[in-house]
Every structure is written in structure tokens, then in C-alpha cells.
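Notes to accompany the following structure.
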Amino acid sequence: MTKYCLIFIVLLLPNLALAGNIKCLANHSLMHHDARMDASYFFHLKNNAGVLKVDGIFKTGNHAEHISREINFSYNQANSVYTMTNTKLIKYPIENVDAKKMAEHYPEFFLKEGATITLQFIPFDKHSYNVTFNHSLLFYCYKL
């Protein structure tokens, strides 16, 4: 009996860790066509609501523009899978990236209220999560 209880607890622990609060930071570079986005992504999820702050540089050739926005969202959770709905998009004054460029390189969730995205936060080790999008690793997110 003890053996089976221990197995159950070990299998349940990753989900219990996600049941409460996720707060993490990722630095990410995305090269897409002739553009490069270097940005930091701060996630905080708790009690079916969250915030994602994105700050970075969007470069096309020698031309650089700033990305600086906050996305407030609600979410539904099924184990480590989070379906997030953008409830409020705030663009900070420093942001000067063209909206059309953003739409070419970012999912709709980053661009407009009401849009959804599904991400999976998988505990990687005691310091970070693997964050996946469409079953592909998007980035490592360092726990804060």
C-alpha cells in the first residue's frame, strides 16, 4: 500500500506545483524572415488571471523599434495546459513597433483583446519551466 501511495504522490507533484502560482521570466530571440525580435517575457499566473509583460527590440535590417506591452488575461487550466484569453492590452509609450510587423510575427493573443493562446508550462527543474506552444518548445522560463 505504501509503495502505491508514493507512486501516486510522485505523479501528482508536478500538477500540484502548477495548481497555485506561476511567476517566471524568459529571454527569447526570434528570427523570422528578415526580422529579429529580442525580448523578455514576464509571466504571472494566479487564480485564473494573469499578466504577461513583453519588453524588447524588433529589428529589420539596421532599423530597430521597441516592443513594450502588457497583456492581462484570464485562463482555464487543465493540468499543465493553460488556455489564456487576452482581456486587456496595454501598450507603453516607448513602444513604436509597427502593428503590421507585429501581426506578421506574433500570434493574435499578443495583438488584440479577446484573442486566445494555449501554452503548456512543464516543470523542467526546480528553477524553471519549459513553455511549449503547439507542442513545440517556445522557451525556458526561469521561476521567480
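Table for the structure above
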read-out: Set of lysines with alpha-carbon distance to K46 below 24 Å, sequence-local pairs under 8 removed; value: K23, K88, K91, K112, K126, K143
read-out: Spatially proximal aspartates and glutamates relative to K59 (Cα-Cα < 19 Å; intrachain offsets below 8 disregarded); value: D34, D38, E95, D98, E104
read-out: Positive dipole terminus of the chain, leading residue within S80, I90, F133 (C-beta point charges); value: S80
read-out: Net dipole in debye of the chain [+1 Lys, Arg Cβ; -1 Asp, Glu Cβ; about Cα centre; nearest 20]; value: 420
read-out: Apportionment of accessible area to carbon and sulfur, the stretch 89-144, percent (1.4 Å); value: 55
read-out: Calculated Rg/Rh (Cα atoms, Kirkwood Rh) (choose from (i) 1.04; (ii) 1.10; (iii) 0.93), label; value: (i)
read-out: Solvent-accessible heavy-atom area per residue, rounded to whole Å², over the chain at 1.4 Å; value: 60
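The values are calculated or read from the model by the stated rules, or taken from the named source; none is laboratory data. What you see is a predicted model, and the numbers here were worked out from it, not measured in a lab. Reconstructed Cβ throughout: ideal geometry from the backbone, glycine too, with neighbour counts over all protein chains shown. For the accessible areas, the whole protein counts, side chains as well, though only heavy atoms, and no ligand, DNA or RNA atoms are used. Shrake-Rupley method; radii C 1.70, N 1.55, O 1.52, S 1.80 Å.
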